[in-house]
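Taken together, the values in this text are just the output of simple stated rules run on the coordinates, not laboratory data. None of these values were measured; they are calculated from a predicted model. Ideal geometry is used to build each Cβ from the backbone, glycine not excepted, and the neighbour counts take in all protein chains shown.
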Amino acid sequence: MGGFGRYLAAALAARTASEGMGMAVVLLALERTGSAAHGAFVLTAWLAPHVLAAPLAGAAAARSRRPRLFHVGALAGFAAAVAALTALLGRAPVPLALAVAVLGGSCGPMVTGGLSSLVTGLVAAGPGRDRAYGWDAATYNAAAVTAPAAVGLVTALGSAGPAMAVLAASGALAAVLAATLPYGDQGAGPAPDAPRAGLGAGLAALWRVRELRAVTSATTLAFVGIGSLTTVSVLLATELGSPGGGGVLMTAFAVGALGGSLTLGRITSVEPGRLVRWALAGTGAALAAAVLAPSLAVTAALFAVAGVCDGPLLTATLRIRSEYAPDGARTQVFTLGAGLKLTAASAGAALVGIAADAPAAALLTGIAALLLTAALLHALTSARGPARPARAGSAATAGTAGAAGAAGPAGSTGPSGGSATTAAGRRTPEGP
């Protein structure tokens, strides 16, 4: 298996562990304590550190002179926290379980954006790298489909404890596979004479680089809606006369997203910013149509269409981050972008919890409106059109301007050195 193939296996294993945690923690708490609220508190502690840990994890990864050790350590810490919660949840004092959840959640940014930032070094610049991001996005969608199903199956056959153990083993497998990746070949880690990016370099790049600002603001707004979709699907299915149909709707959405990422997400001829707008608008339109669906079957079909439209969104987002993130802050941009989206999803889940007494159709209409607004926001914030590649020397000039100069070319709107439109450094030949 080539370097990129091993990366995909590691990413799928890690993200399967991450995607399964939401269901497994709640089921385990319910089994051992009789209350799902205990699991909800632990899950909140698991998710809360993501946005705070993201810039720290990204900066540490960028500065590390032993990137293999850092990435493997983060994944191993993630797996160890899952294993510890398997033993502690419902048995140990609550503060101890919450502390373990916070530590494990702090490793979360390396499972999402941190891993995705490695693709730039594993696949040479060009259409092959764009396709590679399509495969990387597919690991998220595949995990979203398989992880809940695996947790539910293992719990049904035994209990939630073994299901959590399976997730811990999946995280450990990811760490083992990550140890085999060719970090040395991709030039990971800073050069001895390279300026070090500060902790604010990633945030500065997200704000100063127009393409990064546009995609980050749009996807963050969109994920306020996406984060509430699971709860709303349960409410909607209940109103349609199928109390257990919420899982059917979300499975349809996840399967559609997987199909969309493997098909539409691999289109490299379309500018990624345009693909972002199409994906957001298509998803919002399909969910708006689902408001009027007369039955669960029709609603599931429209959820699947919404998933197909959503599928290429992550691929396009990853392509934009790769092309426009400054080299010194690349990992920070990936981890912080992922952390902001996850935090927005958590906020959306909390908001729909507050408004759970409202009609499900009204809540779904609100989600669709958020996605359509996100598409409009991206169109407005990137209205100047795609940037031209920066000329030689211009990046250095841009990098010295402003308070974030230590971050490298944060103020430039041209593609970074890792872009598909610029010359590539030494890369490994493996690709999809």
- Task: Round to a whole angstrom and tell me the spacing of the C-alpha centers of the range 250-296 and the range 5-52.
- Result: 25
- Query: Where does the Debye-calculated log10 I(q)/I(0) of the range 296-375 sit at q = 0.11, 0.14 Å⁻¹, using only Cα point scatterers of equal weight, no solvent?
  - Reply: -0.43, -0.66
- In whole Å, largest first, what are the principal axis extents of the Cα atoms in the range 1-96? 45, 30, 19
- Per-peptide average of other Cβ atoms within 10 Å, ordering 324-337, 23-36, 279-292, 152-165 highest first: 324-337, 279-292, 23-36, 152-165
- Query: How big, in percent, is the set of alpha carbon pairs in the range 235-339 lying more than 19 Å apart?
  - Reply: 51
